[in-house]
Structure formats: structure tokens, C-alpha cells
Amino acid sequence: MTTSATWLKPIRDWFTYKSWTPLTFQEKTWEAHLAGRSGLIQVPTGSGKTYAATMGPIARMLQSTSETGIQLLYITPLRALSRDLAVAIEEPIQTMQWPLQVGIRNGDTRTADRNRQVKTPPQILITTPESLCVLLAGRHTEQLFKNLKTVILDEWHELLGSKRGTQTELAVSWLRQNNSKLQTWAISATIGNLATATRHAHGNNFGEDEPVIIAGGTSRSLEVTSILPDDIDGFPWGGHLGLRRYDELVGKLDPNISTLLFTNTRNQAERWFQCLRFACPEMEGLLALHHSALDRQEREAIEARVKSGELLWVVCTSSLDLGVDFQPVERVVQIGSPKNLARLLQRAGRSAHLPGGRSQMIFMPTNALELLELSAVRRGLSEGLVEERRPPLMPLDVLLQHLTTLACGPGFKPEELLKSVKNTATYEKIRDNDWHWCLKFLEEGGECLGAYERYRKLERDINERLVVKQKTIARLHRLNIGTITSNTAISVRFVRGSIIGHVEETFISQLKTKDIFFFAGRQLEFIRLRDMTAYVKASKRKSKTIPAWSGGQMALSDLLTHQLRNEVARASRNELDTPELKALEPLFHRQNELSTLPKADQLLIETCQTREGSHLYVYPFEGRFVHEGLGFLFATRFTRIEKGTITVSVNDYGFELLAPRGYPFEKLVNDEIDGLLCNEELEEDLEQALNLSELCKRRFRSIAKISGLVTQGFPGQNKSTGQLQISGSLLFDVFIRHEPNNRLLKQAHEEVLNEQLELPRLKEALNRMRKGEVIHASTPRPTPLAFPLLVERLGSRMSNESLLERIKRIQKEALKQEE
């Protein structure tokens with residue numbers, strides 16, 4: 001018997017006890033791990049990835065049970081996943097009585113448990129990127145991780161595309177520097193750029209043994225059923241379906257089938273929960289609401305009741321997207337477009353969460369054109385397509401935080417740490433002058449903050465290691481570790497009772513005493529705000545006021561926009577081969593009567609005159625964020641040729657420009673289209689169009705938080721959103737005036753262009769449109785494609801009631817003109 005076979009015997013014994021047979025990809029992963037390899041596992045969700053990744057390290061640990069300290073570090077992006085992972089890993093340990101301990105370390109861990117973990121660390125620790133960095137900022141870091149053998153990066157696709165992934169890269173690279181034989185295994189369910197994901201998980205210094213990529217698992221089928229309206233209005237608009245047709249969704253739901261109903265925002269989840277509670281009173285006690293703004297204890301209670309089968313319907317957001325194991329769940333509902341293929345796959349995987357399971361999903365559109373998106377998603381999935389995740393481009397704010405973290409803990413020698421930093425895929429090309437700028441920024445406060453002691457954080461000790469000597473700075477840094485920045489959260493609490501959850505300060509600031517709002521599935525009366533806590537009491541009075549949270553808007557992925565253009569082209573050829581396209585036939589017919597449907601290599605531009613003024617509608621089908629840049633770019637270039645006031649509105653399909661009556665859009669499009677689609681002086685035109693300086697200032701506030709320039713303060717002394725914004729804005733103005741070459745200013749500028757305005761996609765869109773055919777249609781009135789844009793603009797300046805009345809009048813006028 002080989003060594004690996006001997007070591008794996010306890011693992012196989014447990015599988016036999018469970019009457020399981022190890023899957024091929026699990027066997028391959030175990031063998032690779034025991035051979036000293038690192039790698040990435042990509043298999044469908046619910047296929048057994050956790051046991052594939054953990055059983056190899058556990059088999060090795062069982063051969064040397066005398067070693068102390070953390071030997072397996074399991075990093076997961078969500079706290080909610082930690083509990084499920086601990087249960088899954090502890091089951092074989094307890095059943096087979098293996099002498100191993102499992103611990104959880106995150107923001108919810110009690111202080112006593114944290115202290116115990118430092119004194120007598122478990123062999124297996126499950127944690128989050130933020131909590132790992134808090135450990136790195138501690139005095140016992142080197143002792144804690146001296147026997148670490150393996151790091152597992154769970155849901156790596158979720159971390160990769162954000163600064164949390166960069167934070168994880170840096171932390172793991174430091175651990176790897178202290179143990180050259182450290183093995184790293186990344187786990188991912190859905191990702192399009194495997195090679196990039198693997199490189200960022202494992203860094204550049206892996207020697208001759210390149211990381212292995214293990215794919216496979218049992219294939220899982222997906223059945224998607226759309227709720228198709230009985231009649232498609234030729235003039236669709238956002239919101240004309242969805243809640244207004246809740247009865248159609250209720251008719252598809254089974255009170256006896258466990259179902260997760262996913263929405264894209266917390267505000268939408270609150271509304272749908274309220275709607276279903278009203279429509280299905282018989283589900284009282286069997287229906288629940290789950291999103292990240294609810295109190296942790298309430299979320300945990302809901303998750304436990306879903307697993308036990310006590311709850312049957314749960315309205316939720318991305319808080320339940322990832323690998324939480326809800327085996328009783330048989331069906332998933334997606335309300336509104338998922339906006340990308342990977343998100344739909346991930347959410348569908350919450351149902352039948354077992355190897356070989358068949359996922360069932362019901363799609364509920366919130367407007368007719370979302371059926372077009374789902375048709376594109378359906379075809380993309382059938383072709384095996386999935387989006388790529390793009391890592392951030394060398395963010396120095398994350399690096400500054402990492403350096404301060406290590407200085408609060410073991411300290412570091414700059415020359416040695418630079419090697420570790422360059423071994424990450426994100427910072428492999430960091431220049432020496434950027435590195436020295438970071439050190440000077442933290443040691444001396446840079447060029448213009450040196451007079452302030454709190455910005456001179458790092459000092460050299462007798463061993464020439466950079467450390468944080470001031471306890472106040474170290475404590476404040478540990479409290480502010482993390483790369484997730486959002487508006488200040490206000491706790492919502494009953495006057496006599498428990499915490500319900502949290503909302504943003506901007507929402508609470510708009511409320512007056514005795515105002516009623518709907519939150520966490522309850523009607524609440526606002527009593528007072530004290531010490532960052534909103535005190536409330538239950539109320540029977542009704543209200544339509546529901547909190548909104550920033551950052552909730554999603555745009556179509558670049559992969560889905562490509563698929564969407566192909567779906568529109570199919571419709572132009574009358575190839576209506578999916579249920580969604582067939583349902584949209586009346587809309588396509590009316591669009592063709594008034595204008596046309598563009599082919600994949602065509603750009604459709606429509607102009608028309610109404611009582612409101614001159615309208616220009618452009619349909620690149622590139623997603624909301626790209627259209628925002630294009631819309632303001634076109635407006636700037638038009639007004640450069642012909643003066644006028646132009647209003648811009650956008651959605652995922654195109655953008656509208658509205659000018660005073662008589663503005664010559666039609667003539668300018670025919671004469672100046674090449675100049676409108678030109679890529680030359682693009683950044684200069686965007687800066688003029690969008691007040692780029694103000695956008696950079698907003699982005700800088702987030703960068704200032706991450707880098708440690710601005711902090712929330714100690715518990716009980718938290719700063720308000722306004723105070724943080726003022727601090728960030730003041731620093732921005734100081735750097736602009738006295739240090740215009742500050743690297744963080746440059747980072748803010750690049751992030752605005754590349755992430756907020758999606759400049760690379762915008763350039764590609766302009767190139768594609770310039771090379772293709774431009775079709776200009778002059779129409780008597782707004783077409784079905786234009787109508788949602790018209791409503792988008794009206795909605796930004798009217799109440800819901802007046803908006804509905806106006807829409808109905810416009811629809812009636814349009815239909816009357818066609819008779």
C-alpha cells in the first residue's frame with residue numbers, strides 16, 4: 001500500500017461509514033495535496049468541494065497529531081458560510097473521533113473565544129479575510145501560524161474581483177514567505193478565467209510544481225421557467241410587471257415546496273416580503289425575510305429554520321448566494337434579471353444542493369425587456385459561457401493597509417517584505433519608487449502630512465523592523481481593517497428590546513419622530529436617534545416608506561451584453577426560438593412598425609419630436625454604466641457643435657438625450673456621426689462631460705478609509721457619514737493643492753475611469769459602433785425600446801402616483817395615434 005493510500009484510509013473509512021463513494025475529482029485533489037501540490041478546484045455548486053479540499057490536509061494532520069497550532073486555515077468570504085463549514089468538517093472528526101479541533105474566527109466570535117484561540121489554537125481555523133488580517137496585526141502572529149501547512153480559499157471567484165481578494169493575496173503571500181512549503185487550494189464554482197484565478201490564488205513563486213486545476217464533479221442540470229405575461233404591452237417600462245403581477249408568481253409557488261426567492265436589492269426584498277405576506281396570509285410563520293442588513297441572530301435563526309424545514313419560503317438577496325447548504329430547498333425564484341450568467345448559476349445552485357441534483361428556477365421579470373435578457377442568459381448557459389472576474393489593478397490603498405497591519409503585529413523589514421509583495425500576481429510589477437512612496441507615506445506622512453503625528457504611523461525598532469509603537473494607532477487600525485466601505489450604519493433597535501438590524505444614516509436622517517417605515521418585515525414607528533442607534537416601536541399604521549441602501553444597482557456584464565445583442569439580432573430575423581422571444585413578439589412587431597430592430601453589427605439611433613422637446617435614443621446594448629459614460633459623452637460633443645441644454649437618461653439597453661424643441665439632433669446625427677463615435681480625446685471629453693474631479697473626490701473617500709487616512713473612531717465614538725466625507729474631501733483638496741502627484745489621487749482617477757465609467761468597455765463599444773453600420777430612424781413618437789428610457793427620466797422627478805398617471809396617459813396617446 002502506498003503512503004497516500006495509507007494516509008487516506010481514515011478518510012475512506014468515513015466515506016464508507018456514510019455509504020458514499022469518493023468522486024473522481026475528490027480523489028484527484030487528495031492525491032495532489034498529499035504529493036505536496038497546490039491547485040484550484042472548479043466543479044458545480046453542491047458537488048462536494050469542501051470535502052475535496054479539506055480531507056487531504058486532514059489525512060496529513062492525522063499522521064502527526066502531536067503538532068500544535070493552526071495547520072489548516074480555511075478562508076471564506078461570508079460569516080454565514082463559517083457555521084456550515086464548521087458543521088461539515090466537524091461531522092467526520094466527531095464521528096470517527098479524530099483528535100482534531102475546529103474553530104471559527106470572524107467578527108461574530110466572542111472575545112473569550114478569541115483569547116482562547118490565541119492561547120490554545122485549534123488545528124483547523126475557519127475565518128474571513130478581514131479576521132485573518134486582524135490576526136496578522138496581533139503580537140502572537142508568528143507563533144500562531146508557525147505550523148501552518150495549508151490554506152484553502154473558498155468561493156475564490158467571489159473574492160477575486162474585489163479588493164477583498166487583493167487583501168487575501170497579500171495576507172497569504174506573507175504566510176507563504178514564512179513557510180515556503182505552504183500549500184494553497186482555491187475553490188470556485190463559477191468562473192470564466194481559470195488561469196488568472198489560479199495565478200492570483202497561488203502567486204508567482206511556486207517553483208517547478210505549477211498549481212493543478214481540477215475540474216469535474218457530477219453535472220447538474222438546470223431547469224428555468226419564465227413567468228410570461230398573458231399580454232405584452234408594446235410600451236414596456238421598469239416596474240410595469242413584477243409587483244404589479246404578484247398574483248402570477250403566487251400561482252406558480254407551492255406552499256409545500258421549500259423555495260428561496262432572490263431579489264437583487266435589499267429594498268426589493270423588503271417590498272416582495274410585504275407583498276407575499278399580504279397575498280398569502282396562510283403562509284404566516286412559514287415565510288421569512290433574509291438580507292445582510294438584518295441582525296445576525298435573526299439571520300442565523302432563519303437559516304436554521306430553513307435547514308430544518310420549518311420555513312418554506314424565504315425572500316432573500318445575495319446574502320444567501322454563496323455555498324450555504326440548504327438541502328431542503330427544492331426551488332429557487334429569481335425576481336428581476338440576474339444581470340450576469342454566473343449569478344443565475346450560483347443562485348440556481350441553492351436548490352437541490354447535492355451532487356447530481358437538478359436545480360429548478362422560476363424567473364419573474366419586472367419589465368418585459370427582462371425577458372430578452374433571460375433569453376440571452378438561457379442561450380449563454382447552453383453554450384457553457386460564464387463571466388470572467390477581473391482583479392483590481394495594483395491598489396495601493398490595500399497595500400498601505402497591509403503594511404500597517406504587519407507593523408501592528410510582527411513588524412517587517414522592507415527589503416524582505418517587498419519580495420513577498422512581488423510574489424503576488426497583483427503587485428508583481430510594482431515599481432521601486434511606488435514601494436518607497438508607500439513606506440515614506442506611512443513613516444513620515446508623505447510630503448504634506450508629516451506635521452501630524454497620527455499620520456507618522458511606522459517607526460523602526462532596534463532590529464530595523466518597521467513597527468507601530470503607539471498603542472492608540474495600533475488599536476484604531478485593528479478596528480478599521482477591511483476593504484468594504486459603505487455609508488455609516490445606524491442600528492435599529494426596539495425601545496424595550498433587541499436589535500432588529502441596521503440601515504444607512506442617510507435614510508434615518510430623513511425621518512421625523514413618529515414617522516412609520518417598513519423594515520425587517522415589520523411596520524415600525526421612529527422614536528429617536530441616539531448614539532448611532534435608531535429606537536423604534538412596532539406599529540399597526542401602514543407605510544410605503546422602505547429603506548434604500550447605496551450600491552444596489554447592477555449593470556449587465558460584458559458577456560451578457562454580447563449575448564443580448566445577438567438575441568435582438570435573432571428577433572430582427574424573426575428567429576423566435578425561446579419562450580421569452582416568442583412572448584415578446586408583439587413588442588418586436590410594434591418596434592418594427594415604428595422603427596427597426598438592429599442586427600448584431602448595427603447601431604440603432606432614433607430621433608423624434610414630442611411636446612417635451614427633441615429626443616435622441618441610442619441603443620448600444622452595453623449596460624447601464626457604459627451608457628452613462630456614452631450618454632454624457634454624446635451630450636458634450638453635441639453641445640460643442642450646437643449649443644443647447646441636454647438631459648441624459650440611461651438603462652441597460654441604451655440612452656436618451658432630451659433637448660429643447662427644434663434642437664437639430666437629426667441633422668447632427670447624419671452629419672457628425674463619425675465625430676460622435678471617435679475615440680480621440682476621449683478622457684478629456686469625459687472629464688468635461690462628467691465633472692471627473694468630483695467623481696474622483698467621491699472615490700478618494702473610499703480609498704482614504706482603506707488606506708487608513710480616515711478612520712471610523714473607537715466604539716461609541718463613531719464618526720457620522722458627513723464627518724467622514726468632510727475628512728476625505730479635505731485630504732483630497734490638500735493633496736490636489738500640495739501633492740498633486742500623490743499616488744492615492746492617481747488611484748482614485750484610475751478607478752473612476754476603469755471601474756465606475758468602465759473606460760475599457762466604453763472604448764470597445766465606440767470602436768464596435770464605428771466599424772459597424774449606423775441606422776438612423778426618425779420616428780413619430782417613442783418606440784417600445786425608447787419607452788423605458790422615457791419613464792426612467794420621468795421617474796427621477798415625479799412621485800409614484802403622478803408617474804403612473806403620466807405613463808398611462810402617454811401609453812393611451814401612443815395607442816390612439818396608431819389607430
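The values are calculated or read from the model by the stated rules, or taken from the named source; none is laboratory data. Just so it is clear, the model here is predicted, and its values are computed rather than measured. Backbone-built Cβ (ideal geometry, glycine too); neighbour counts: all protein chains shown. Quick note on the areas: whole protein, heavy atoms, side chains included, nothing else; ligands and nucleic acids left out. Shrake-Rupley method; radii C 1.70, N 1.55, O 1.52, S 1.80 Å.
Residues in region 64-85 that are open to solvent by 10 Å² or more (accessible area, probe 1.4 Å) and of a type in the set (A, V, I, L, M, F, W, C): 78, 80, 85. Considering 483, 472, the condition of being polar (S, T, N, Q), under 30 Å from residue 170 (Cβ atoms) and free of Cβ contacts under 8 Å to residues at least 12 places away in the same chain is satisfied by 472 alone.
Name the single residue, out of those in region 109-131 being part of a loop (DSSP other than H, G, I, E, B), surrounded by fewer than 22 Cβ atoms within 10 Å (Cβ to Cβ) and of a type outside the set (S, T, N, Q), that is modelled with the highest pLDDT. Break it down stepwise before answering.
First pass over region 109-131, keeping only residues part of a loop (DSSP other than H, G, I, E, B): 109-110, 120-123, 128.
Then drop every residue that is not surrounded by fewer than 22 Cβ atoms within 10 Å (Cβ to Cβ), which leaves 109-110, 120, 122.
Right, trim to of a type outside the set (S, T, N, Q) and you get 110, 122.
Values: 110: 88, 122: 96.
Looking at the filtered set, the residue picked out is 122.
Just to be sure I understand, how many residues within region 366-384 are open to solvent by less than 10 Å² (accessible area, probe 1.4 Å) and in a helix (DSSP H, G or I)? Final tally of qualifying residues: 9.
Close contacts from region 671-689, counting a first residue that is over 19 Å from residue 619 (Cβ atoms) and a second that is surrounded by fewer than 18 Cβ atoms within 10 Å (Cβ to Cβ) and of a type in the set (D, E, K, R), with Cβ to Cβ under 7 Å and a gap of 6+ residues or different chains, come to 679/763; 682/763.
Just one of (1) open to solvent by 70 Å² or more (accessible area, probe 1.4 Å); (2) without any contact (Cβ under 8 Å) to a residue 12 or more places away in the chain fails for residue 28. It is (2).
Evaluate the following for residue 44: is it more than 30 Å from the chain's Cα centre (by Cα) and crowded, with 21+ Cβ neighbours inside 10 Å?
no
Conditions (1) among the aliphatic types (A, V, I, L, M); (2) open to solvent by 50 Å² or more (accessible area, probe 1.4 Å), marked per residue:
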residue	(1), (2)
472	no, yes
495	yes, yes
517	no, no
522	no, yes
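Applying the set (1) at pLDDT below 90; (2) not in a helix (DSSP H, G or I) to residue 740 leaves exactly one unmet item: (1). For region 142-153, the tally of residues that are under 18 Å from residue 85 (Cβ atoms) and not in a loop (DSSP other than H, G, I, E, B) stands at 4.
Looking at (1) touching a Leu at 6+ places or on another chain (Cβ under 8 Å); (2) free of Cβ contacts under 8 Å to residues at least 40 places away in the same chain, find the lone condition where residue 577 falls short. Of everything listed in (1) touching a Leu at 6+ places or on another chain (Cβ under 8 Å); (2) free of Cβ contacts under 8 Å to residues at least 40 places away in the same chain, residue 577 misses just condition (1).
Contact annotation: residue pairs with Cβ atoms under 7 Å, 6 or more positions apart or on different chains, pairing a residue in region 161-189 that is touching a residue at least 12 places away in the same chain (Cβ under 8 Å) with a partner that is charged (D, E, K, R) and crowded, with 24+ Cβ neighbours inside 10 Å, are 187/49; 187/154.
Can you find a residue in region 628-642 that is among the acidic types (Asp, Glu) and free of Cβ contacts under 8 Å to residues at least 24 places away in the same chain?
Looking for residues that are among the acidic types (Asp, Glu) and free of Cβ contacts under 8 Å to residues at least 24 places away in the same chain, one finds none in region 628-642, hence no.
Looking across region 266-292, the residues that are part of a loop (DSSP other than H, G, I, E, B) and either surrounded by fewer than 17 Cβ atoms within 10 Å (Cβ to Cβ) or modelled with pLDDT under 90 (or both) come down to 280, 284, 285, 286, 292.
Condition check ((1) within 23 Å of residue 372 (Cα to Cα); (2) open to solvent by 40 Å² or more (accessible area, probe 1.4 Å)) across all residues:
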residue: 733; (1), (2): no, yes
residue: 741; (1), (2): no, yes
residue: 744; (1), (2): no, no
residue: 748; (1), (2): no, no
residue: 756; (1), (2): no, yes
residue: 765; (1), (2): yes, no
residue: 772; (1), (2): yes, no
residue: 777; (1), (2): yes, no
residue: 784; (1), (2): yes, no
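The condition (being more than 20 Å from residue 29 (Cβ to Cβ) and of a type outside the set (A, V, I, L, M)) is satisfied by just one residue among 190, 184, 120, 150: 120. List every residue pair whose Cβ atoms lie under 6 Å apart, where the two residues are 6 or more positions apart in sequence or sit on different chains, the first residue falls within region 1-23 and is surrounded by 13 or more Cβ atoms within 10 Å (Cβ to Cβ), and the second residue, located anywhere, is of a type in the set (Asp, Glu). Listed pairs, sorted by first residue: 4/31. Restricting attention to region 643-670, the residues that are open to solvent by less than 60 Å² (accessible area, probe 1.4 Å), free of Cβ contacts under 8 Å to residues at least 24 places away in the same chain and either within 38 Å of the chain's Cα centre (by Cα) or within 20 Å of residue 770 (Cα to Cα) (or both) add up to 2. Among the residues of region 132-147, the one identified as surrounded by fewer than 20 Cβ atoms within 10 Å (Cβ to Cβ) and either among the hydroxyl-bearing types (Ser, Thr, Tyr) or in contact with a helix residue (DSSP H, G or I) (Cβ under 6 Å, 6 or more places away or on another chain) (or both) is 140.
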